[in-house]
Amino acid sequence: MSTLNLSSATALTPDEERLARKRAGRKMGWYIHATVFVLVNAGLALLSGWQGRSWAIFPALGWGIGLLVHGFVTFFSASGEQLHQTLVQQERDRIASGKALR
């Protein structure tokens, strides 16, 4: 029986560890959001069908747009993090050179 090894082959700096935990937390939040979306909308679809109407599509579409945006931000925000780091570094450079103090 194999055991789960929680230590990584490459040691991370505290900042990298914090970033890894932040990203994992975002992904976990999206998975929870998607699960709740499926369960609630399945229930609404059953209720809508039981009533003989098709109104459940409207909350599913609205919530689905929100879920897509959440997923985009969660899984494709690495470039946003890089942009933020670049802007912060530019401001540090300006402050260090004295340009920002004028």
Cα Rg, Dmax, region 16-76, angstrom units: 15.1, 53
Residue-by-residue Karplus 3J(HN,Hα) for region 45-59, coefficients 6.51, -1.76, 1.60, Hz, glycine and proline x: 5, 5, 5, 4, x, 4, 7, x, 10, 10, 7, 5, 5, 5, x
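Values quoted throughout were computed directly from the atomic coordinates according to the rules given, and no laboratory measurement underlies them. The model shown is predicted, which means the values in this text are computed figures rather than measured ones.
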